[in-house]
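These notes are about the structure you will find just below.
The values are calculated or read from the model by the stated rules, or taken from the named source; none is laboratory data. As the structure is a computational prediction, the values presented were derived from the model and not from experiment. Because the Cβ atoms are built from the backbone with ideal geometry, glycine has one as well, and the counts that use them run over all protein chains shown.
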Amino acid sequence: MLTVALCKGRMLQSTLALLPTVGFTPAEDVIDSRKLIIEDAVRPDVRYLLVKPVDVPAFVEHGAADVGLVGKDILYEAEADLHELLDLQSGICRMVIAGFAGTNLRTVRRVATKYPRVAREFFRVRSQQIEIIDISGSVELAPLVGLSDCIVDLVETGRTLSENGLVILAEAGTISTRLVANRRSYQLKAAAIDELSDGLRRATGAHTGVIEGTKPGTARQGAVS
Amino acid sequence: MMMKRFLERPRGTRDFALAEMQHRATIERALQKEFGQWGYQPIETPLLEYAATFAKGLHEGEEERMYRLFDAAGQTLALRPEMTTPVARLAATVLSEEPLPLRLCYSAKTYREQGPLAHEAAEVTQVGVELLGDDSADADAEMIAMMVGGLARLGLSEFRIALGHVGYVSAMLDQVGRNARELLVGALMDRDLVTYERTVRGISSDSESDLSSALLELPHIRGGREALQRARVLAQSGDNAARLACDDMFDVWQALCEHGVGRFVQFDLGLYPNHDYYTGVVMEGYVDRLGQRICYGGRYDHLLAKFGRPLPATGCVLHLERLQDAVEVSAPARDLIALSYEPACRADALGFARDLRGRGYQVATTLYPLDEASAKRRDGVAEASADSGGQTRPSMSPVAPTGARGVARSAVIWDRSGPTLQGDALLTEMFAQFQERRPLPC
């Protein structure tokens with residue numbers, strides 16, 4: 001049995017487009033279904049868990065799921081103990097620092113974000129110590145009401161930012177979906193996981209390498225890669 | 001309502017009692033038995049060591065997580081975060097005159113402060129083995145075969161030991177510049193193949209080059225003999241150290257097959273533990289029921305030199321609390337006899353208890369108040385023990401000693417009318433024998 005954890009929300013659509021191309025086919029209309037465990041349409045030895053994105057690392061780390069598909073943003077914050085196997089080059093969006101136009105990043109002190117580790121790293125490599133205001137939704141509100149000098153957040157289209165009068169001040173990196181595996185499963189279910197991983201690698205052309213806009217070899221020092 | 005602080009345990013620690021403790025002790029004994037059968041001798045070292053001792057063995061990140069305290073002279077002490085370093089100290093001092101190789105085993109609580117994201121308990125019981133003074137592949141194989149033996153003895157069958165070789169990976173990565181090497185090692189330690197791959201591609205724009213494709217393939221090589229053959233092919237680009245490491249891995253693999261444990265083992269060349277002291281074959285064990293590793297270890301040939309006694313060494317530890325979660329509870333119910341008596345019958349009751357203990361039985365004796373010695377209560381106990389095959393919970397009758405509730409299989413109630421035996425025929429038989437030897441005054 002291979003249990004695959006999928007993120008509900010933003011990424012689900014692109015994940016569901018990808019999986020069937022490598023022989024993994026959730027049996028139901030996952031988007032509309034309220035079920036949390038979904039069987040595979042063809043393979044009796046595969047099932048899917050639908051979980052909140054931020055919970056995927058925990059499900060995989062503890063082995064409740066063997067593998068998971070999850071955004072690097074969440075993975076980076078969770079610091080979970082697992083295998084990060086593949087960059088699917090899908091679900092791509094940018095991690096940015098945003099605020100009012102003209103904000104001087106060198107004097108920023110208070111930063112509102114859902115991504116404290118990204119924010120802290122971004123400013124740390126610039127020799128700045130900042131105060132994090134941990135917020136879980138509508139982060140854009142923080143600078144508007146004077147709660148913070150700027151925000152660190154994901155943007156896909158940038159519409160929420162512009163409608164609230166904010167602009168992108170800097171980019172911290174590009175986020176994409178990753179295939180992760182539990183440490184036990186990686187050893188005990190090596191064949192099944194290699195099959196999924198190799199399939200996804202071929203399907204996404206992941207071997208073509210570096211995502212545009214990120215420098216190779218900066219992952220450990222930079223915020224996110 | 002908030003729980004009162006004095007009733008809480010520090011985060012990351014656990015209590016063990018009753019059935020859980022019994023389960024734990026059963027596992028520990030089984031492992032000690034296994035190690036003993038391979039000729040390993042138990043040792044114990046202090047829970048407290050000088051922090052300077054651990055500085056010889058641990059890397060910075062681990063040192064930061066030590067619980068420290070100061071002695072009266074201002075020396076920094078630490079609760080041991082692991083056992084390998086204390087074993088090295090012991091081997092270099094107390095055991096310095098002992099003949100080699102030294103085969104040592106232990107069961108020890110270890111402590112590491114948890115970060116904000118707790119991946120592991122603060123208090124971990126490590127049951128482990130160290131083999132000092134033998135640098136052969138046979139010694140590495142012995143370690144692994146013994147782990148397989150231990151896990152099998154615990155009734156586990158769905159498990160796998162993953163093997164890597166720090167020397168091999170090191171030699172392969174020596175072919176790239178120092179900065180890139182550091183990134184690659186870091187990525188392997190983090191099990192982050194995305195960063196690893198990106199870094200390899202960043203080294204050489206020509207990803208078709210032999211070195212690039214060898215490094216890209218390396219962490220994906222997993223399996224038995226065929227994986228090692230692949231490793232040897234990749235090693236052609238490396239220096240002699242890589243080829244020697246391959247010979248070493250083949251040798252270990254061969255020995256493991258000869259130990260009869262080959263099917264539990266697979267090589268995973270990307271395995272690179274986050275620990276400075278490993279130098280050769282490294283291992284991690286996993287069972288199907290648990291998401292995290294259950295044992296780990298490897299060869300550390302340079303550590304003992306830091307204590308002034310250069311010796312090759314290899315070792316491995318199992319994580320007892322994780323084993324408790326993975327191993328099926330098979331402990332039989334305790335064969336406890338609950339014996340309660342009125343004050344006037346104490347001499348007889350205690351005499352019988354002594355007799356039973358002499359025969360190897362567990363007997364808990366309890367005085368019960370005179371005025372409450374009612375037949376009604378006695379009936380309550382009789383009902384409970386009549387249907388108990390040993391597992392069912394007897395009544396909460398005050399006759400059963402507190403510590404024995406739920407586990408007593410037999411009961412004896414001794415009042416002025418004499419003893420009432422509630423148990424199997426064996427108990428009656430033992431009482432008859434006891435009576436023959438000693439006439440009852442009561």
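One table, with the values for the structure above:
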| quantity | calculated |
| --- | --- |
| Residue in the stretch A:133-143 that is within 14 Å of chain B (Cβ to nearest Cβ) and more than 30 Å from A:L19 (Cα to Cα) present | yes |
| Matching entry among B:E197, B:E217 (being surrounded by fewer than 20 Cβ atoms within 10 Å (Cβ to Cβ) and within 14 Å of chain A (Cβ to nearest Cβ)) | B:E217 |
| From B:L151, B:L156, B:L256, residue being part of a loop (DSSP other than H, G, I, E, B), away from chain A (no Cβ under 11 Å), modelled with pLDDT of 95 or more and under 26 Å from the mean Cα position of the chain (by Cα) | B:L156 |
| Within the stretch B:201-233, tally of residues that are closer than 23 Å to A:L85 by Cβ, over 36 Å from the mean Cα position of the chain (by Cα) and touching a residue at least 24 places away in the same chain (Cβ under 8 Å) | 3 |
| B:L31 vs. criteria within 30 Å of B:G149 (Cβ to Cβ) and touching a residue at least 24 places away in the same chain (Cβ under 8 Å) | yes |
| Filtered residues of the stretch B:175-189 (kept if without any contact (Cβ under 8 Å) to a residue 60 or more places away in the chain and either surrounded by 19 or more Cβ atoms within 10 Å (Cβ to Cβ) or in contact with a strand residue (DSSP E or B) (Cβ under 7 Å, 6 or more places away or on another chain) (or both)) | B:V176, B:A180, B:L183, B:L184, B:A187 |
| Members of the stretch A:144-185 found to be assigned to a strand (DSSP E or B), crowded, with 21+ Cβ neighbours inside 10 Å, within 14 Å of chain B (Cβ to nearest Cβ) and not aliphatic (A, V, I, L, M), listed by number | A:G173, A:T177, A:R178 |
| Which listed residue, of A:S148, A:S197, is touching a residue at least 12 places away in the same chain (Cβ under 8 Å) and either touching a helix residue (DSSP H, G or I) at 6+ places or on another chain (Cβ under 7 Å) or farther than 30 Å from A:L16 by Cβ (or both) | A:S148 |
| Filtered residue count, the stretch B:305-316, keeping only those that are surrounded by fewer than 24 Cβ atoms within 10 Å (Cβ to Cβ) and among the hydrophobic types (A, V, I, L, M, F, W, C) | 3 |
| Meets criteria (closer than 26 Å to B:V148 by Cα, at pLDDT 90 or above and touching a Ser or Thr at 6+ places or on another chain (Cβ under 8 Å)) for B:V327 | no |
| Yes/no for B:V176 being within 14 Å of chain A (Cβ to nearest Cβ) and either within 26 Å of B:Q324 (Cβ to Cβ) or at pLDDT 95 or above (or both) | no |
| Test set (1) closer than 17 Å to B:H275 by Cβ; (2) assigned to a strand (DSSP E or B); (3) more than 7 Å from chain A (Cβ to nearest Cβ) - B:A162 fails condition number | (3) |
| Residue check for B:V166: surrounded by fewer than 19 Cβ atoms within 10 Å (Cβ to Cβ), within 35 Å of the chain's Cα centre (by Cα) and at pLDDT 95 or above | no |
| Any chance A:V118 is in contact with a Phe, Trp or Tyr (Cβ under 9 Å, 6 or more places away or on another chain) and more than 21 Å from A:L69 (Cβ to Cβ) | no |
| Among the candidates B:G115, B:G61, residue that is surrounded by fewer than 15 Cβ atoms within 10 Å (Cβ to Cβ), within 14 Å of chain A (Cβ to nearest Cβ), farther than 19 Å from B:H302 by Cα and touching a Lys or Arg at 6+ places or on another chain (Cβ under 8 Å) | B:G115 |
| Condition met for A:A119 (touching a Lys or Arg at 6+ places or on another chain (Cβ under 9 Å), farther than 21 Å from A:F59 by Cα, assigned to a helix (DSSP H, G or I) and away from every other protein chain (no Cβ under 14 Å)) | no |
| Unmet requirement for A:A112, which otherwise passes all of (1) of a type outside the set (F, W, Y); (2) more than 14 Å from every other protein chain (Cβ to nearest Cβ); (3) at positive phi | (3) |
| Subset tally (residues that are within 15 Å of A:T103 (Cα to Cα) and in a loop (DSSP other than H, G, I, E, B)) for the stretch A:131-143 | 1 |
| Matching residues, the stretch A:17-38, being at pLDDT 90 or above and surrounded by 15 or more Cβ atoms within 10 Å (Cβ to Cβ) | A:L18, A:L19, A:V22, A:F24, A:T25, A:P26, A:A27, A:I38 |
| Residue ID - surrounded by the most Cβ atoms within 10 Å (Cβ to Cβ), chosen from residues in the stretch A:50-88 that are touching a Gly at 6+ places or on another chain (Cβ under 8 Å), away from chain B (no Cβ under 12 Å) and assigned to a helix (DSSP H, G or I) | A:V56 |
| Answer residue from the stretch B:385-419, given it is surrounded by 15 or more Cβ atoms within 10 Å (Cβ to Cβ) and at pLDDT 85 or above and is nearest to B:A349 (Cα to Cα) among those | B:W414 |
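Residue-by-condition table, conditions (1) under 17 Å from B:P46 (Cα atoms); (2) in a helix (DSSP H, G or I); (3) of a type in the set (F, W, Y):
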{"site": "B:L90", "(1), (2), (3)": "yes, yes, no"}
{"site": "B:L95", "(1), (2), (3)": "yes, no, no"}
{"site": "B:R103", "(1), (2), (3)": "no, no, no"}
{"site": "B:A108", "(1), (2), (3)": "yes, no, no"}
{"site": "B:E113", "(1), (2), (3)": "no, no, no"}
{"site": "B:V124", "(1), (2), (3)": "yes, no, no"}
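Conditions (1) more than 25 Å from B:R153 (Cβ to Cβ); (2) modelled with pLDDT of 95 or more; (3) away from chain A (no Cβ under 12 Å), marked per residue:
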{"residue": "B:D276", "(1), (2), (3)": "yes, no, yes"}
{"residue": "B:Y286", "(1), (2), (3)": "no, yes, no"}
{"residue": "B:Q292", "(1), (2), (3)": "no, no, no"}
{"residue": "B:Y300", "(1), (2), (3)": "yes, yes, yes"}
{"residue": "B:L304", "(1), (2), (3)": "yes, yes, yes"}
{"residue": "B:P310", "(1), (2), (3)": "yes, yes, yes"}
{"residue": "B:L318", "(1), (2), (3)": "no, yes, yes"}
